[in-house]
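One structure is given here, and the rest of the page talks about it.
The values are calculated or read from the model by the stated rules, or taken from the named source; none is laboratory data. Here the structure is a predicted model, which means the values were calculated and not measured. Because the Cβ atoms are built from the backbone with ideal geometry, glycine has one as well, and the counts that use them run over all protein chains shown. Note: areas computed on protein heavy atoms with side chains; ligands, DNA, RNA excluded. Shrake-Rupley method; radii C 1.70, N 1.55, O 1.52, S 1.80 Å.
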Amino acid sequence: MTRPPLRLLERHDSEVLDFPMASRLRQSRTPTDASLFAVAFLWAVVFSGCHASSPSEKAPPDNSTARQGTSGTPSGASAFPDSCGVEFGDVAHERGLEYHWPEQPRPLRALDAFGCGCAAFDADNDGWQDVLLVDDPRPALFRNVGGVRFEKTAGGALAEADGNWKGCAIGDYDGDGLLDVLLSGYHCLALHKNLGGLRFELATVAAGLDPANHGHWSSSAGFMDLDGDGWLDLVILNCVAFGPESKQFCEATPGVRQGCLPRSYPAEHGEIWRNTGRGVFELVPDSMGMNQTSGVGLVLAFVDLEDDGRMDFYVGNDGVPADFLNNRGAMQFENDALICGLAYDSAAQPVAAMGADWGDFDRDGRLDLTVTNFERLSFVVYHNAGDGRFADVAARTGIARATRERLGFGAKWADFENDGWLDLFFVNGHVYDNPASVQGAGSLFRQPICLLHSQSGKQFVDLVPALGRDVQRAMLGRGSANRRLQQRRPR
């Protein structure tokens, strides 16, 4: 099975680009993540102002290698059906973002189907957002050259890091003004100190971390100042205990083998590491909060929910109740997921949470949470009531209907056309390479992305069916991040 080439979702708006990819800064999902084949997209979204669209507008012929025209509009692109003049086209090839992931044997085991993450960040402090793609056995770093094209770089120790990598986290852990990179994976962990000039030095052991990650399968990680001392601490999520002696395949349908879901194995729990401010991390005892979690962690999303200056975080797990670690101060956390309504969906079922992101979709001044889910279970949107409680409103907003036939990984709130209302971007793909044999006809291995347009925060409509075939093209995705690629950051 050949994994698909790299693609990116690129947004043009007065020459400003957004880049949904595989993971947020200081947060990753293999899934940052993202995320099976760490697929990133580079579509051009061109804003030409709202206009009355014709009801007869249809998707153009397939143009999977669309080229950017002289007007700045990708050839073969089509407008949003709601008449806001937004257009999409695949321009990854001409921007130099080309990468092919190696083949994997079938059927896919849980470890193989898990995928890899990626991140967009300024690796060399030149003001331009670069791109990191996590892979097994080595990651790839692409330098952003003036917002026009990307070049694959050597990356020093970062490019020489061998391991079964799954996710990444970005943050300046030593306060030197340069963003460092943490790679997390299956029985491996690597902290790369940024030396400047796109050079990285391995600092895992010197920082007090274990290169073998204590034998854990790490799914996600994130940097965040959790104790308010000005230094970025570290949260590492671990998934399950899995090895050569573990059961490799399951049969949901007699005679049909497929990889077992991660929750089929003994759960592993995450870890919190405190940054001492001396370039070293110290493990926070699990009695400070992590022992209250469900395990089988997949996605991490930080938020200051109570606006008390202390960062809390959501932990999405695979088919077991989610966790919400409320920061009580002094590195003490309380799992309030059940109390605040984030442990289950509206049907009182746990969510298979591969992707999650916070955003205020209804503009009431409170951050809401979206979480992806397994196919035929629908994704979730938790509305923040403002009293410390959340309610799943995916059905009411149309998101449940739009995502029922998708298995989601990357999730990102993003305002597609700058109308002030947050839209939703999901990257999808099945974990079974033979899903029709397991779940029945209509279940797809490769799946289209979702571009859910907000109708003033009340309803969401998937625009993909009305767009060009290069946008509709099914793929295997695992995550998302959001960065401006064509606008230089002030130095």
Diffing the stretch 399-412: the Karplus 3J(HN,Hα) column from phi (6.51, -1.76, 1.60, θ = phi - 60°), in whole Hz with x for Gly and Pro, holds 6, 4, 5, 6, 10, 4, 9, 10, 10, x, 10, x, 9, 8
Rounded to whole Å², per residue accessible area for the stretch 256-362 with a 1.4 Å probe reads 36
Answer check: the stretch 357-491, Cα atoms, Kirkwood Rh, Rg/Rh ratio of 1.00
Rounded to whole angstroms and listed largest first, the alpha-carbon spread of the stretch 163-220 along its three principal axes comes to 31, 19, 16
Computed D for the stretch 92-183, Stokes-Einstein, Kirkwood radius over alpha-carbon pairs, 20 °C, 1.002 mPa s, to the nearest µm² per second, is 151
The simple spin-label model distance between residue 210 and residue 149, using points 7 Å out along Cα→Cβ, in nm, is 4.6
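Quickly rank 398-407, 103-112, 347-356, 372-381 as a protection proxy: mean count of other C-beta atoms within 10 Å, highest first.
So the peptides 398-407, 103-112, 347-356, 372-381, ranked by packing, come out 372-381, 347-356, 398-407, 103-112.
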The local net charge around residue 440, scoring Lys/Arg +1 and Asp/Glu -1 for residues other than residue 440 whose Cβ lies under 13 Å from its Cβ, equals -1
Rounded to whole Å, √(5λ) for the Cα gyration tensor eigenvalues of the stretch 209-352, largest first, gives 30, 20, 10
The computed P(r) of the stretch 204-249 puts the percent of Cα pairs beyond 15 Å at 59
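If R₀ is 35 angstrom, what is the calculated FRET efficiency for the pair residue 347 and residue 287, using the beta carbon separation as r and rounding to 0.05? Working shown, then result.
Numbers: r = 33 Å, r/R0 = 0.94.
E(calc), rounded to 0.05, equals 0.60.
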Expected vector for the stretch 359-370, Karplus 3J(HN,Hα) from phi with 6.51, -1.76, 1.60 and θ = phi - 60°, integer Hz, x for Gly and Pro, equals x, 8, 6, 10, 6, 9, x, 10, 6, 9, 10, 10
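For every other residue with a beta carbon closer than 9 angstrom to the beta carbon of residue 370, add +1 if it is Lys or Arg and -1 if Asp or Glu, then tell me the sum. Don't skip to the end; give the middle numbers.
Details: positive: 412; negative: 357, 368.
Charge balance in the 9 Å sphere: -1.
Enter the mean projected area of the convex hull around the alpha-carbon atoms of the stretch 174-286, in nm², rounded to one decimal. Walk me through the intermediate numbers first.
Values: hull surface 35.6 nm².
Taking the Cα atoms of the stretch 174-286, their convex hull projects to 8.9 nm² on average.
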Karplus-derived 3J(HN,Hα) from phi for the stretch 90-104 (6.51 cos²θ - 1.76 cosθ + 1.60, θ = phi - 60°), whole Hz, x at Gly and Pro, runs 7, 10, 4, 4, 6, 8, x, 8, 10, 7, 10, 7, x, 5, 10
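Given a Förster radius of 25 Å and the C-beta distance between residue 418 and residue 459 as r, what FRET efficiency does 1/(1 + (r/R0)^6) yield to the nearest 0.05?
0.85
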At the level of C-alpha centres, the distance separating the stretch 417-491 and the stretch 242-275, in angstrom, is 27
With residue 320 itself left out, Lys, Arg at +1 and Asp, Glu at -1 over residues whose Cβ is under 14 Å from its Cβ give -3
